[in-house]
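Scroll down for the structure; my scribbles are underneath it.
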Amino acid sequence: MNRTSHAPTGPTAPTGPTDEQAARERAVTDAVLAGFATSTDARYREVMTSLVEHLHGFVRDVRLSEAEWAQAIAFLRGCGDITTDTRQEFILLSDVLGLSMLTIGVNNPATGSGPGAATEATVFGPFFVEGSPETPLGGDVSQGAKGAPCWVEGSVTDTAGRPVAGARIEVWEADEDGFYDVQLDGGGTEGTMTGRGHLFSDADGSYRFWSVLPASYPIPDDGPVGDLLAAAGRSSYRPAHIHFMVTADGMRTLVTHVFVAGDPYLGSDAVFGVKDSLVLDFAEQPPGEAPEGRTVDGPWYRTRFDVVLAPEAPTTSTGGPTA
Ligand code: BEZ
Ligand code: FE
């Protein structure tokens, strides 16, 4: 029998398509590729050509059944059905497939390693809210969020170690029960924002604020993405973290988190967001005197997060005719 040359041979070899069948399948791919080849937008052509090659290659690789194709369509339909202005199931799907982290990695290239390397980026997540309250340096972003007090301090510098003054630092986090304010009744709108705020680094690049010790929590898992995780036996939990978004003139915007060392989910983050460099010691402190003249009744925590910003990428031409 005439088989494709790349198919393994031997008594237990899987049966691959015949040469004739492979040619028919290839003809479908080539016809679709030809449909995009006439586009005058070079980038669109490049992206669509690669997408079609990979999608068709996937169908051929796994010999996708029609029932599986229908299941995939129903899954995507379910993602659409549950998506609202505040629930974006497609981004969640991208997150649990590691697509979000891969795209972040491609677009935030490392600037080296060790001292002076830019702080690593991680996922944005769905719980950022525009218009968080401005918090003075040393102020409290918890605004009544439940949890043990936590002091966070650090600096913002560039990759040459120069302080970055006036950097805007947005922070947001879940409370001790694992809920963001937007997940609580009436929370997350102006006047009811808790566990979020923004501040500006000092003239020497330093910053500091009070917050609460974050807790681990599950990503929204009551939709198709939750079903996908369950089918794989994967946890929907994220390890405890505080989100940061740091912006400054001439610098690449940094979207990242700090994670709490020792968290049981560090090795199984549902969205693959953990980087070793972002795992920090949140050291427990005894009751008593604390920064900013506070006296704390129970245990409290402190951590230090020094942010290093990469320079903004130079804008490059995306093609078009040159003189
Ligand atoms: C978050 O950390 O807020 C998050 C990130 C990705 C998916 C869901 C939640
Ligand atoms: Fe989060």
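The values are calculated or read from the model by the stated rules, or taken from the named source; none is laboratory data. Keep in mind that this is a model prediction, so the values were computed, not measured. Reconstructed Cβ throughout: ideal geometry from the backbone, glycine too, with neighbour counts over all protein chains shown.
Here are some notes:
- From the options 229, 184, residue that is without any contact (Cβ under 8 Å) to a residue 12 or more places away in the chain and of a type in the set (A, V, I, L, M): 184
- Checking residue 201 against (1) in the same structural domain as residue 266 (by TED's automatic domain parsing); (2) crowded, with 19+ Cβ neighbours inside 10 Å; (3) within 16 Å of ligand 2 (Cβ to nearest atom), the condition it does not meet: (3)
- Condition check for residue 256: polar (S, T, N, Q), out of contact with any Ser or Thr (no Cβ under 6 Å at 6 or more places or on another chain), on the phi < 0 side of the Ramachandran plot and not in a helix (DSSP H, G or I): no
- Residue match in segment 128-144 (condition: surrounded by fewer than 19 Cβ atoms within 10 Å (Cβ to Cβ) and within 15 Å of ligand 1 (Cβ to nearest atom)): yes
- The set of residues from segment 34-90 being of a type in the set (Asp, Glu) and at pLDDT below 95 comprises just one member, 85.
- Test result for residue 225, in contact with a Leu (Cβ under 8 Å, 6 or more places away or on another chain), modelled with pLDDT of 95 or more and within 30 Å of residue 80 (Cα to Cα): yes
- Single residue of segment 160-200 satisfying the filter (β-branched (Val, Ile, Thr) and at pLDDT 95 or above) that is farthest from ligand 1 (Cβ to nearest atom): 164
- Hits in segment 109-135 - residues which are more than 16 Å from ligand 2 (Cβ to nearest atom) and either out of contact with any Leu (no Cβ under 8 Å at 6 or more places or on another chain) or outside the structural domain of residue 259 (by TED's automatic domain parsing) (or both): 109, 110, 111, 112, 113, 114, 115, 116, 117, 130, 131, 133
- Of all residues in segment 221-234, those satisfying the criterion of being surrounded by 16 or more Cβ atoms within 10 Å (Cβ to Cβ) and either in the same structural domain as residue 150 (by TED's automatic domain parsing) or not hydrophobic (A, V, I, L, M, F, W, C) (or both) are 221, 223, 224, 226.
- Of all positions in segment 209-225, none carries a residue that is part of a loop (DSSP other than H, G, I, E, B), more than 24 Å from residue 177 (Cα to Cα) and touching a residue at least 60 places away in the same chain (Cβ under 8 Å).
- Taking the criterion of being under 15 Å from the mean Cα position of the chain (by Cα), surrounded by fewer than 19 Cβ atoms within 10 Å (Cβ to Cβ) and of a type in the set (D, E, K, R), the only residue of segment 235-275 that qualifies is 275.
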